[in-house]
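So the structure is just underneath, and the comments pick up after that.
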């Protein structure tokens, strides 16, 4: 019976926590430049932005991205929804609108029933439909473990691009979703306990937050995914040549997240995130539990924006570059 299958048992790491650690990734792509193309490249490898962008004309940029990962929850349909929302988020994080996507599916066909794969695809289709994005075909591979996601193409106005390097000192820093899905998903994998709040957060599109950001004139930001809040904040600080100051008491968390940390449900990806940001982060008196939560590897997290948006929470501000790229107060 497909309803007895625990998909997370087939994943070495869940969701965006299965990413290659940020330090290793930076070393791997160091020195690589984009292949020479005919269109003007507006956003490429320089700062690790969420998607690539090329200019089609004065008013139109083409956004392209791909994102896929291992199961983050046991329910196949929910996993499909989460993976699709996460992939679409890369376009929203650039201030764009997704137009068309294709499925990316790896499936152990001799181990897991194809009915489950169909449920994964159905979940992705439903989220793409909600986003108003065509989901047309894709590519599948017989693999040792299940993986799913999307390759997405969208459009953006070049003068409305949201990038990592456009921050200015004095701007407030807002977060549009609470943190904690990483530790709650790790608990789910260990115990089978489902967090309805985590699933709801991960399947919520960043569409409305992105539209609000563009309308507010925000031009600097990113989404918060596998590198955690601290990891993505440090990338923004580095790209913009600023210091990100985070008020730990203002950061919102999902119900149960703190208890999950106390119970030891912390992924290896989260601990690697914390190790990576440690050398250029000033933690002050922030305790270990808060540090782990701030580094928690998110899946389909919210937007981190240099500015204020309706529904977002102001968690800090951008400061002139000081001794640390990130300061937690």
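The values are calculated or read from the model by the stated rules, or taken from the named source; none is laboratory data. The structure displayed is predicted, hence computed values, not measured ones. With ideal geometry, Cβ positions are generated from the backbone for all residues, glycine too; neighbour counts draw on all protein chains shown.
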Residue ranges of strands (runs of 3 or more DSSP E) in segment 34-76 with at least 2 members in contact with a helix residue (DSSP H, G or I) (Cβ under 8 Å, 6 or more places away or on another chain) and surrounded by 24 or more Cβ atoms within 10 Å (Cβ to Cβ): 60-69
In the set 189, 177, the lone residue that is within 21 Å of residue 270 (Cβ to Cβ) and in a loop (DSSP other than H, G, I, E, B) is 177
Are any residues in segment 36-46 touching a residue at least 24 places away in the same chain (Cβ under 8 Å) and in contact with a strand residue (DSSP E or B) (Cβ under 7 Å, 6 or more places away or on another chain), and if so, which ones? 42, 43
Given (1) assigned to a loop (DSSP other than H, G, I, E, B); (2) within 19 Å of the chain's Cα centre (by Cα); (3) surrounded by fewer than 20 Cβ atoms within 10 Å (Cβ to Cβ), where does residue 218 come up short, assuming only one miss? (3)
Can you find a residue that is under 15 Å from residue 8 (Cβ atoms), assigned to a helix (DSSP H, G or I) and over 22 Å from the mean Cα position of the chain (by Cα) anywhere in segment 158-165? no
I'd like to know if segment 86-96 contains one or more residues that are surrounded by fewer than 24 Cβ atoms within 10 Å (Cβ to Cβ) and either in the same structural domain as residue 8 (by TED's automatic domain parsing) or more than 19 Å from the chain's Cα centre (by Cα) (or both). no
Flag if residue 321 is under 25 Å from residue 241 (Cβ atoms) and touching a residue at least 40 places away in the same chain (Cβ under 8 Å): yes
Of the candidates 145, 124, 182, the one satisfying the condition of being outside any strand (DSSP E or B) and assigned by TED's automatic domain parsing to the domain that holds residue 268 is 182
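Matching residues to (1) in the same structural domain as residue 220 (by TED's automatic domain parsing); (2) over 20 Å from the mean Cα position of the chain (by Cα); (3) farther than 24 Å from residue 165 by Cβ; (4) in contact (Cβ under 8 Å) with a residue 40 or more places away in the chain:
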{"residue": "252", "(1), (2), (3), (4)": "yes, no, yes, yes"}
{"residue": "264", "(1), (2), (3), (4)": "yes, yes, yes, no"}
{"residue": "269", "(1), (2), (3), (4)": "yes, no, yes, yes"}
{"residue": "277", "(1), (2), (3), (4)": "yes, no, no, yes"}
{"residue": "295", "(1), (2), (3), (4)": "yes, no, no, yes"}
{"residue": "301", "(1), (2), (3), (4)": "yes, no, no, yes"}
{"residue": "308", "(1), (2), (3), (4)": "yes, no, no, yes"}
Out of 121, 104, 135, 150, which single residue is touching a residue at least 60 places away in the same chain (Cβ under 8 Å) and crowded, with 18+ Cβ neighbours inside 10 Å? 150
Of (1) modelled with pLDDT of 95 or more; (2) surrounded by fewer than 23 Cβ atoms within 10 Å (Cβ to Cβ); (3) under 16 Å from residue 185 (Cβ atoms), residue 19 fails just (1)
Looking only at segment 170-186, decide whether some residue is crowded, with 16+ Cβ neighbours inside 10 Å and out of contact with any helix residue (DSSP H, G or I) (no Cβ under 9 Å at 6 or more places or on another chain). yes
Taking segment 277-321 and keeping only residues that are assigned to a helix (DSSP H, G or I) and closer than 23 Å to residue 72 by Cα, one is left with 289, 290, 291, 292, 293, 294
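Condition check ((1) touching a helix residue (DSSP H, G or I) at 6+ places or on another chain (Cβ under 9 Å); (2) in a loop (DSSP other than H, G, I, E, B); (3) modelled with pLDDT under 95) across all residues:
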position	(1), (2), (3)
201	yes, no, no
204	yes, yes, no
210	yes, no, no
214	yes, no, no
226	yes, yes, yes
238	yes, no, yes
260	yes, no, no
266	yes, yes, no
269	yes, no, yes
